[in-house]
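Enquirer: Before I ask anything, let me first share the structure, which is written out below as structure tokens.
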Amino acid sequence: MMKPLLASLVLLTASASAQVPESGRWQELRFSADEVDASMQERYIDRTVDLAAAGKLDRDRALLARLRYISAELIRAAFELKPEVARWQWEVHTTSDADVDAICMAGGKILVGSAFVHQLALTDGELATLLAHEVAHVVAEHPRETLSEAMLLNRLPAVPLEVVMARLDSDLSLQIRLSRLSSLQESEADQLGMVLAHRAGWAADDMISFYRKLGEGEQAALVSSAYPASESRLSMARGMARLFND
Ligand SMILES: [Zn+2]
């Protein structure tokens, strides 16, 4: 009987306050970064193994090479804001799975859909803006924050991370209650991403043209409810560009 009680105590004391780089917003984080990273890594391995078995992993070698070169520069820029990123085991893969646009899991696990990149005919600078948005999510610890918030919304004092992850996947009402946080995180990732892309040496014009293409392409996944309207993303990009030029 002692073991579950001890486990809950450990979870309860794992709570910590953190600050998002650049925006300075305070977050309440319940699970340890190591625990979240380990779980996400497991999911990433499962996903990439399944894609490889289906013949849908890294078929586009040219895109993979572009992504590796671009992400290395972005990771260097991220390191300046959050030194922990140097400890992460970054991985980059592409998939021909048409359902994937771009994701970066906690701990630096990137997956980019080749169909999405080719459909928008993204140049290197535009691709860097897409990647920078994804890298910004993990630099700002958004996945860990979402899991922490999901646990709080469930009004359970302490449940294992795996249980919260499963609930997040299946519980639609929980996803709806998290939508305000999701919108906030999307705006934050747009802005922090542009800072990363700028520091990695990409031109603001490339970033603006990425957001213009997104709006024109009406990409279903990337303009889902959690994302700000494409027009406001484009005006955000123009506003950030003015800051870079000052
Ligand atoms: Zn996003």
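The values are calculated or read from the model by the stated rules, or taken from the named source; none is laboratory data. Remember, predicted model here, so these are calculated numbers, not experimental data. Note that we place each Cβ from the backbone using ideal geometry, even for glycine, and neighbour counts take in every protein chain shown. In case anyone asks, the SASA skips ligands and DNA or RNA and just uses the protein heavy atoms, side chains included. Shrake-Rupley method; radii C 1.70, N 1.55, O 1.52, S 1.80 Å.
Enquirer: Summing -39500 (n - 2.57) over the DSSP H runs of n ≥ 4 in the chain and dividing by its residue number, what mean residue ellipticity at 222 nm do you reach, to the nearest 500 deg cm²/dmol?
Expert: Theoretical 222 nm ellipticity from helices: -20500 deg cm²/dmol.
Enquirer: I've got another one for you. For the chain, which span is the longest to avoid every loop-located (per DSSP) member of trypsin sites (Lys or Arg not before Pro) having at most 12 other Cβ atoms inside 10 Å?
Expert: Longest stretch, sites excluded: 156-246.
Enquirer: Quick check on the range 80-136: what does the Kirkwood estimate of hydrodynamic radius come out to from the alpha carbon pairs, in Å?
Expert: About 12.0 Å, per the Kirkwood formula over Cα pairs.
Enquirer: Using all Cα-Cα distances in the chain, what percent lands in each 5 angstrom bin from 0 up to the longest?
Expert: 1, 6, 13, 17, 19, 17, 13, 7, 3, 2, 1, 0, 0
Enquirer: Starting from one equal scatterer on each C-alpha and no solvent at all, send me the Debye-based log10 I(q)/I(0) for the range 105-245 at q = 0.17, 0.18, 0.20, 0.21 Å⁻¹, two decimals.
Expert: After summing over all Cα pairs, the log10 values are -0.96, -1.04, -1.21, -1.29.
Enquirer: Going by Cα centres, the range 98-123 and the range 139-178 are how many Å apart?
Expert: Each part reduced to its Cα centre gives a spacing of 24 Å.
Enquirer: To continue, here is another question. If I ignore ligands, DNA and RNA and count only protein heavy atoms, how much of residue 103 is accessible to a 1.4 Å probe, in Å² to the nearest 10?
Expert: 50
Enquirer: Can you tell me what share of the DSSP beta bridges in the chain is antiparallel? A percent to the nearest 5 is fine.
Expert: On the way: 9 of 14 bridges.
Once the DSSP bridges in the chain are tallied, antiparallel ones form about 65 percent.
Enquirer: Oh, and also: Take the range 121-161, compute every pairwise Cα distance, and split them into 10 Å bins from 0; I just need the percent in each bin.
Expert: The percentages, shortest bin first, are 26, 31, 22, 15, 6.
Enquirer: Go through 246, 34 and list them by solvent-accessible area, largest first, probe radius 1.4 Å. Provide the component values of the computation, followed by the final result.
Expert: Numbers: 246 155, 34 100 Å².
My answer, sorted largest first, is 246, 34.
Enquirer: Over the range 129-217, what is the relative contact order in percent, taking alpha-carbon pairs closer than 8 angstrom and at least six residues apart? It would help to have the intermediate numbers written out before the result.
Expert: Working: 55 pairs, mean separation 40.8, N = 89.
After rounding, I find 46 percent.
Enquirer: Using modelled amide H (1.01 Å from N, peptide plane; none on Pro or chain starts), what sits under 5 Å from the amide H of residue 94, excluding residues fewer than 5 places away?
Expert: Those qualifying (amide H under 5 Å, at least 5 residues apart or on another chain) are 58, 112.
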